[in-house]
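The values are calculated or read from the model by the stated rules, or taken from the named source; none is laboratory data. What you see is a predicted model; the values in this text were computed from it and never measured. As a convention, Cβ positions derive from the backbone with ideal geometry for all residues, glycine included, and neighbour counts pool all protein chains shown. When the accessible area is computed, the model is the full protein with side chains, heavy atoms only, and any ligands, DNA or RNA have been set aside. Shrake-Rupley method; radii C 1.70, N 1.55, O 1.52, S 1.80 Å.
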Amino acid sequence: MDPRRALPSVERVASSLDGLPASLLTATARDAVDAARAAIEGGATPTEADVLADAAARVDAQRRRLLQPVVNATGVLLHTNLGRAPIGDEALTAALTIARGASNLELNLVTGTRGSRHDHAGTLLARAVGAEAGMVVNNNAAAVLLALGALARGREVVVSRGELVEIGGGFRVPEIMAESGCALIEVGTTNRTRVADYERAMTDATALLLKVHASNYRMVGFTEATPIGQLATLGSTVMVDAGSGLLDETTPWLAEPPRWLRDEPGIRQAIADGADVVTFSGDKLLGGPQAGIIVGRADLIATIAKHPLARAMRADKLTLAALQQVALTYLSGDATSIPLWRMATATLDSLRTRAHRIATTVRLAAVIETEAVAGGGSLPGLTIPSIGVACTVANPTTAMAALRADGIIARTDADRIVCDLRSIDPDNDDIVARALAAL
Ligand SMILES: *Cc1c(COP(=O)(O)O)cnc(C)c1O
């Protein structure tokens with residue numbers, strides 16, 4: 001008999017599967033049966049049990065590709081691959097409340113006339129940094145592209161050679177500049193750019209002087225950058241891509257400014273120093289949803305908001321609702337309900353207590369001192385003292401895979417697995433303890 005006739009039917013295989021919508025299970029069953037048929041044609045002899053096991057493995061792989069929560073035990077607070085900033089409960093509730101029904105997204109409730117979606121979060125964030133106006137788009141890459149396109153298309157933008165950076169994920173300043181239709185005028189050198197360099201490059205065609213926060217790298221030694229305050233004296237419009245979204249260098253929303261935060265430029269300070277437009281991310285040091293925020297002079301924000309691309313990049317109501325709550329939280333002067341700041345400011349003692357509680361349930365586990373980082377392309381080279389649970393394992397690669405199967409993303413340190421407590425939500429400590437114990 002043709003061994004292909006002995007293979008189970010697609011229906012039989014599909015009925016052995018669960019965990020995905022029926023149409024996906026049927027398609028997966030068909031893939032498994034087809035693969036078995038091809039294997040037979042290649043000389044193999046898969047049994048019915050082999051086909052069922054293959055189909056189940058395919059379902060498992062598909063389920064693992066679904067977007068799902070994981071535990072961030074990496075010690076990188078804003079982990080790009082893990083969704084950057086976690087969003088706080090208040091902001092999530094706000095998003096849920098707005099998304100579930102109708103809202104005044106573009107309606108002015110006082111006049112009854114058409115309103116703007118920038119009137120809520122955008123305006124509040126502008127308030128929070130002392131700017132005249134603000135608006136919100138999908139992410140900071142969009143904010144930069146849009147602001148450049150609206151303010152400088154067909155004209156010249158002067159940038160220091162030291163700031164022609166790649167932020168990661170393909171965001172390269174010269175390429176964004178080309179996409180937005182501006183001519184890039186490079187000035188200075190990689191390590192030093194003075195105000196006179198900008199001044200010499202200015203012509204009638206100059207639309208903007210652009211400063212880009214180098215975010216993910218740091219220059220040391222014989223370096224010099226031109227402060228915003230000096231650029232602002234040159235008479236051209238000054239735009240700053242601040243990246244990380246630290247609203248105020250003095251962190252007035254925290255009881256004590258964290259020492260590791262030094263040197264990170266604040267949005268409020270950029271505006272106060274004379275920047276006309278500043279762009280930043282919503283989900284880095286702001287600790288909110290993915291968004292790109294543009295704050296600055298009211299006339300420039302109006303020009304940007306009117307640009308045709310603004311419609312293509314606008315933020316949706318879920319984002320705007322969450323971001324509005326984040327802005328209100330900062331304006332209240334206490335941002336400890338923002339998960340990023342909770343993680344960042346947790347005391348070493350509190351982390352150590354949690355680590356000991358986990359370690360006592362795990363054989364061969366040790367509580368160690370670690371160094372966490374902010375991540376998300378902010379604060380390069382700066383570390384945040386932290387505490388971890390370390391387990392010595394025979395094979396770190398398989399141990400990491402086993403933890404991933406439990407939804408835990410840890411890091412390795414030689415032959416040890418380290419779970420850094422600073423990036424772990426305390427609600428997940430038990431999950432981490434159980435997974436480590438099972439290693
Ligand atoms: C992160 C970053 C961007 C990109 O922002 P996204 O919100 O990821 O789009 C652009 N510029 C700077 C300086 C950044 O740090």
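Per residue, the accessible area of the chain comes to 48 Å², computed with a 1.4 Å probe over protein heavy atoms only. Accessible surface comparison of Thr113, Thr383, Thr226, probe 1.4 Å, protein chains only, largest first: the order is Thr113, Thr383, Thr226. Taking only the C-alpha atoms of the range 348-395, Rg followed by Dmax gives 12.9, 36 Å.
The alpha carbon convex hull volume per residue for the range 56-104 rounds to 137 Å³. Taken over the alpha carbons of the range 89-335 as equal point scatterers, the Debye sum produces base-10 log I(q)/I(0) values at 0.07, 0.16, 0.17 Å⁻¹ of -0.23, -1.15, -1.29. Its alpha carbons give the chain an Rg and a Dmax of 26.2, 89 Å. Taking amide H positions as modeled 1.01 Å from N, with prolines and chain starts lacking one, the residues under 5 Å from Asn138 and 5 or more places away or on another chain are Gly292, Ala315.
The packing ranking, built from the mean of other Cβ atoms within 10 Å per residue, places the peptides 229-236, 391-398 in the order 229-236, 391-398, highest first. Every helix of 4 or more DSSP H residues in the chain counts as -39500 (n - 2.57), and over all residues that averages to -11500 deg cm²/dmol at 222 nm. With an a/c value of 1.5 or above and a/b larger than b/c for the gyration tensor axes a ≥ b ≥ c computed over the alpha-carbon atoms, the range 226-383 is described as prolate. Between beta-carbons, use under 15 Å as the cut-off and find the net charge around Val195, counting Lys and Arg +1, Asp and Glu -1. Value of the local net charge: 0. Gain on full extension, evaluated as 0.36 nm per residue between Glu166 and Arg153 minus their Cα-Cα distance, stands at 2.6 nm.
What a 1.4 Å probe finds exposed on the chain is 52% carbon and sulfur by accessible area, rounded to a whole percent.
Counted over the range 3-65 with a bin width of 10 Å, the fraction of Cα pairs per bin, in whole percents, is 25, 54, 19, 1.
Placing Met219, Met202 in order of accessible area, with the largest value first and a 1.4 Å probe, yields Met219, Met202.
Seen from a random direction on average, the alpha-carbon convex hull of the range 163-309 projects onto 9.9 square nanometres.
A simple count of charges around Thr412, restricted to other residues whose Cβ falls under 13 Å of its Cβ and scoring Lys, Arg +1 and Asp, Glu -1, yields 0.
How do His213, His356 stack up against each other in accessible area, from largest to smallest, with a 1.4 angstrom probe? If you can, show how the numbers build up before the last one.
Working: His213 45, His356 95 Å².
Accessible-area ranking of His213, His356, largest first: His356, His213.
Taking amide H as placed 1.01 Å from N in the peptide plane, the amide H of Ala133 sits under 5 Å from that of Gly296, Ala298, each at least 5 places away or on another chain.
Compared with the direct C-alpha span, the chain from Arg114 to Arg37 gains 21.5 nm at full extension, assuming 0.36 nm per residue.
Taken along its principal axes, the alpha carbon cloud of the range 153-215 reaches lengths of 33, 28, 13 Å, longest axis first.
Taking a ≥ b ≥ c as the square roots of the eigenvalues of the alpha-carbon gyration tensor, the range 217-296 is classed oblate because a/c is 1.5 or more while a/b is no larger than b/c. Here Met1 and Ala401 are evaluated by their C-beta separation; at R0 = 25 Å the FRET efficiency comes out at 0.05. Using θ = phi - 60° in the Karplus curve 6.51 cos²θ - 1.76 cosθ + 1.60, the 3J(HN,Hα) couplings for the range 17-26 round to 9, 8, x, 9, x, 3, 5, 6, 5, 5 Hz; x is entered for Gly and Pro. Summarising the label geometry, the points placed 7 Å from Cα in the beta-carbon direction at Asp263 and Ser23 lie 5.3 nm from one another. Hydrodynamic analysis of the range 298-348 uses the Kirkwood radius over alpha carbon pairs. Inserted into Stokes-Einstein at 4 °C and 1.567 mPa s, it gives a translational diffusion coefficient of 96 µm²/s. Normalised by 2.2 N^0.38 Å, with N the number of residues, the alpha-carbon radius of gyration of the range 1-114 equals 1.81.
Of all DSSP beta bridges confined to the chain, the antiparallel ones make up roughly 55%. Per q in 0.13, 0.15, 0.21 1/Å, what log10 I(q)/I(0) does a Debye calculation on the alpha-carbon atoms of the range 324-439 return? Result of the Debye calculation: -0.54, -0.69, -1.16. Residues of the range 12-31 with an amide N closer than 13 Å to a point placed 7 Å from the Cα of Glu48 along the Cα-to-Cβ direction: 12-16.
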